[in-house]
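The values are calculated or read from the model by the stated rules, or taken from the named source; none is laboratory data. Keep in mind the model is a prediction, meaning the values are calculated, not measured. All Cβ positions, even for glycine, are placed from backbone atoms using ideal geometry, and neighbour counts span all protein chains on display. Surface accessibility is based on the protein's heavy atoms, side chains included, excluding ligands, DNA and RNA. Shrake-Rupley method; radii C 1.70, N 1.55, O 1.52, S 1.80 Å.
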Amino acid sequence: MIIVKSREEIELMRESALIVSKTLGMIASEIKEGVTTLYLDKLAETFIRDHGAEPSFLGLYGFPNSLCMSPNSQVVHGIPNNKPLESGDVISVDCGAFKNGYHGDHAYSFEIGEVAAETKKLLQVTKESLYVGIRELKLGNRVEDVGNAIQKYTESHGYGVVRELVGHGLGQKMHEDPEMPNYGKKGRGKLFVEGMVVAIEPMINMGTRNIKQHKDGWTITTADGKPSAHFEHDVAIIDGKPEILSTFAYIYKALGIVSNEEDEFRQTPLVL
């Protein structure tokens, strides 16, 4: 059952989402060749707590850390460790924060040093597909309209769309209804309603869509060992249209990137 949020609840969720956004912005300033993911994880936990929130992922279903950090062929749920990042790596950083009774949850895939052109393109297309999907989150549409849009866009570039892992509703629990797959047929799935909040998160592989789970019970990698990309936003339906609650603006500020990609999904300008 979809849990509808009031405007007041959505604003509380925006606050949680923006703590995640600020955390990822901090990570963007620190992530580089030679740094370990475990070091970044500790920074994130401290940052989240210093902002009056709790790390959503720490202990969730038994997960041992505050960030899911998934480099290269890892799709999602990578466990931070002491292996230094290397030039040429790409890494998904997925973060959650819990404040005022509500979760924020979103992700960004970072480039480390000099990254291969074909891998850069994978990240670019995956991020573009996130916004392609968000445009379909509106009254009158259904769940698989979003997935269909993401699938068509990414498969047109020859990429594989992961089936076993999906986005989700978000609120007082990290995972609520509805599941938000990144594939599907138009016109299928639950009907969107005013006040719903979801995490939309394309997980796209350079090669096969097939994945495998490792013995640690968490790490998911591509079956062919090729890179994967992952981007995620928290989005509400307000006045029948998609409104992004999270932002990549803090990341872009840290990296010196200029972008207006989120502007169409905001009723009022974002103030950093």
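Per-structure values
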{"item": "Electrostatic dipole magnitude of the range 85-221 [Cβ: Lys, Arg +1; Asp, Glu -1; Cα centre; debye, to 20]", "result": "520 debye"}
{"item": "Point-charge dipole on Cβ atoms (K/R +1, D/E -1) for the chain, about Cα centre, debye to 20", "result": "500 debye"}
{"item": "Environment charge of Thr126, counting only residues whose C-beta is closer than 15 Å and scoring Lys/Arg +1, Asp/Glu -1", "result": "-2"}
{"item": "Dipole of the range 5-127, positive direction: furthest Cα of Ala28, Asn72, Ser6, with charges on the beta-carbon", "result": "Ser6"}
{"item": "Whole-Å distance, taken between Cα centres, linking the range 51-94 and the range 1-50", "result": "12 Å"}
{"item": "q = 0.08, 0.09, 0.11 Å⁻¹, the range 7-265: log10 I(q)/I(0) [Debye, one scatterer per Cα]", "result": "-0.27, -0.35, -0.53"}
{"item": "Sequence-separation-based contact order of the chain, relative, with Cα cut under 8 Å and 6+ spacing, percent", "result": "23 percent"}
{"item": "Helix-only CD estimate at 222 nm, as mean residue ellipticity for the chain, using -39500 (n - 2.57) per DSSP H run (n ≥ 4)", "result": "-9000 deg cm²/dmol"}
{"item": "Solvent accessible area, Å² - Cys68, 1.4 Å probe, full protein context", "result": "10 Å²"}
{"item": "Net dipole in debye of the range 141-184 [+1 Lys, Arg Cβ; -1 Asp, Glu Cβ; about Cα centre; nearest 20]", "result": "80 debye"}
{"item": "Principal axis dimensions, the range 36-116 - Cα atoms, whole angstrom, descending", "result": "42, 22, 19"}
{"item": "Extreme residue, positive dipole direction of the chain, given options Ser109, Ala229, Val146 (C-beta unit charges)", "result": "Val146"}
{"item": "Surface per residue (accessible, 1.4 Å probe) for the range 7-265, Å²", "result": "40 Å²"}
{"item": "From phi via Karplus (6.51, -1.76, 1.60), per-residue ³J(HN,Hα) for the range 26-38 in Hz, x at Gly/Pro", "result": "5, 4, 4, 7, 10, 7, 6, 4, x, 7, 8, 5, 5"}
{"item": "Loop chymotrypsin sites (Phe, Trp or Tyr not before Pro), the range 35-135 (other Cβ atoms within 10 Å of the site Cβ: 14 or fewer; DSSP)", "result": "none"}
{"item": "For the range 5-10, 3J(HN,Hα) per residue [Karplus equation, 6.51 cos²θ - 1.76 cosθ + 1.60, θ = phi - 60°, Hz, x = Gly/Pro]", "result": "9, 6, 4, 5, 5, 5"}
{"item": "At most 16 other Cβ within 10 Å, DSSP loop - trypsin sites (Lys or Arg not before Pro), the range 173-233", "result": "Lys173, Lys185, Lys186, Arg188, Lys190, Lys215"}
{"item": "Hull shadow area, averaged, the range 98-162 [alpha-carbon convex hull, nm²]", "result": "6.5 nm²"}
